[in-house]
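Peer 1: Take this structure first; my questions come after.
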Amino acid sequence: MQKQSDIDVAFGRSVRHRRVTIVFSALAVLLIALATLNLCIGSLNVPLADLWAILSGQDTTSTNYQVIWSIRLPRLIAAALLGGALALAGFLLQTFFNNPIAGPFILGISSGAKLVVALMMIVVVGNAGVMTSGMLIISAFVGSLIAMVFVLLVSRRINSMSMLIVAGVMIGYICSAATDFLITFASDSNIVNLKNWSLGSFSGINWGDIGIMTAVVVITSLAVFFLSKPISAFQLGEQYARSMGVNIRVFRIALILLSSLLAATVTAFAGPISFVGIAVPHIIKRALGTSKPLVVIPGAFFGGAIFCLFCDLIARSVFAPTEVSISAVTAIFGAPIVISILLKREKAKR
């Protein structure tokens, strides 16, 4: 009997390993396919043969070359990096609150970051200053932390996770209303694009921005990955995590800082983007058939990159030359997933 049990366990591990391999292979194929489509499709379509010539350095003088290297490639990298960052931020918040619908946008963290960034842009640019990428990230980080503190204060007074989500949504509405108020009375001509940014967009990102966001997102994502073991222990309960030597207080602070920094980086460069942080971790967990952080963390990052590349392609190409807000497109595809999560939770309670 013991031998048969060992065989069953080994078979189960083999099946799970095969499933994980298939899922990551599919993610890689989707990422490459969407990256190619994002580079080729737009108001100016670039043939695949020309794209290869441009990327390989054979063509460095054509209009297509300028479009690819100056506009589409930075935008593609930004969408992939920031989409992955959003998915990881959502995963960390879902772990922290033990709630599958916790996310930067739902809890008002993105809105808090948006409010402080908008305030800084109005104050600094309005006084003939220049907003650097570093200033954007710091402002967004401060705003996200402020919103997170409010959410934590509320969480101490209420035990219901559904009420916590409602409180987060209300905080988001307050921050969004304050941002809209600031934008309405902003008069400086240098901040005319503030409203477009506040709706969410990957447009206008340059290679200098790419360098900074790459450094922040990659370092923070690696820090999240190295927390895989304590996250795995924490998912089994605080007592179990303590028995495994996890310092719960330090661990919680790390989750807050990392999730806030990831969400802040996204908001600083692309504005608030909805539902990615909620929907993607849920999809990845279901696809992988496991919630182990060691595989979910990289899977969520790639899933977030793919989701945002897909939504950005739709946002800028379906109604070209008019561009739709990226947050509107992510909401169209992400909201139904959130609704399905809520329905399944309600069904499980019965």
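Peer 1: Tell me, which helices (runs of 4 or more DSSP H) wholly within the stretch 207-252 include 2 or more residues that are within 18 Å of the chain's Cα centre (by Cα) and modelled with pLDDT of 95 or more?
Peer 2: Those helices (runs of 4 or more DSSP H) span 207-226.
Peer 1: Here is a further query. Report the residue count in the stretch 37-63 for those that are more than 24 Å from Cys308 (Cβ to Cβ), buried (at least 17 other Cβ atoms within 10 Å of the Cβ) and among the polar types (S, T, N, Q).
Peer 2: Residues in the stretch 37-63 being more than 24 Å from Cys308 (Cβ to Cβ), buried (at least 17 other Cβ atoms within 10 Å of the Cβ) and among the polar types (S, T, N, Q): 0 in total.
Peer 1: Scan the stretch 176-205 residue by residue and report those that are at pLDDT 80 or above, in a loop (DSSP other than H, G, I, E, B) and either crowded, with 18+ Cβ neighbours inside 10 Å or of a type in the set (Val, Ile, Thr) (or both).
Peer 2: Gly200, Ser201, Phe202, Ile205
Peer 1: Take the residues of the stretch 283-320 that are hydrophobic (A, V, I, L, M, F, W, C) and assigned to a loop (DSSP other than H, G, I, E, B): which is modelled with the highest pLDDT?
Peer 2: Residue satisfying both the conditions and the ranking: Val318.
Peer 1: One residue is enough: does the stretch 86-95 have a residue meeting the conditions of a type in the set (Ser, Thr, Tyr) and surrounded by fewer than 18 Cβ atoms within 10 Å (Cβ to Cβ)?
Peer 2: Looking through the stretch 86-95, none of the residues is of a type in the set (Ser, Thr, Tyr) and surrounded by fewer than 18 Cβ atoms within 10 Å (Cβ to Cβ).
The values are calculated or read from the model by the stated rules, or taken from the named source; none is laboratory data. As the structure is a computational prediction, the values presented were derived from the model and not from experiment. As a convention, Cβ positions derive from the backbone with ideal geometry for all residues, glycine included, and neighbour counts pool all protein chains shown.
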